[in-house]
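Scroll down for the structure; my scribbles are underneath it.
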Amino acid sequence: MIDQATETEHVAAPPSRCFDIAVDFERYPEWARDVKEANVLERDASGRATKVEYRASALGRSTHYTLSYDYSQAPERISWSLVEGDIMRVIDGAYTFVPSGTGTDITYSLKIELIVPLPGFVKRRAEVRILHTLKELKTRAES
């Protein structure tokens, strides 16, 4: 079963700064608590990362997954999908950056399906941790 979550945060930084942080994947371990490693495997002709391998903390263990990134709506939106992962079948997501006053409204949308079904309370706890990445991006952009 695919679970979905969406959250929006207002960030006191311009969309360009928010976008630049969101696509600087190799620096995620500096600000995204659960990301332990991020390695760019492929780049497009513009030098943007199109395939990134991650090692992250998830549900009390280390997980590995590789995401493919789509810049077709950049810089207003960047989306991603799962190439391969050890505990998930699906990870589809996106960051959307909308100018708002002197800052940016960032919406983080995520669809995820794990290989092993989990109890509802464990899923909710994992969802909160995953969506917390948006708050961490906000903190990084505003610093």
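We did not get these values from a lab; they are worked out from the coordinates using the rules stated. Quick caveat, the model's predicted, so the values are computed rather than measured.
Quick notes
- By the rule of a C-alpha distance below 13 Å, with chain neighbours fewer than 8 residues away ignored, the aspartates and glutamates paired with LYS36 are GLU26, GLU53.
- Helix-derived mean residue ellipticity, 222 nm - over the chain, DSSP H n ≥ 4, -39500 (n - 2.57), to 500: -7500 deg cm²/dmol
- Option label - Rg and Dmax of the Cα atoms in Å computed here, alternatives [x] 14.6, 43; [y] 18.4, 58; [z] 17.5, 54: [x]
- Residue-wise HN-Hα couplings along the range 92-107, as the Karplus relation 6.51 cos²θ - 1.76 cosθ + 1.60 with θ = phi - 60° gives them from phi, are 10, x, 6, 10, 10, 10, 10, x, 8, x, 9, x, 9, 9, 9, 10 Hz; Gly and Pro carry x.
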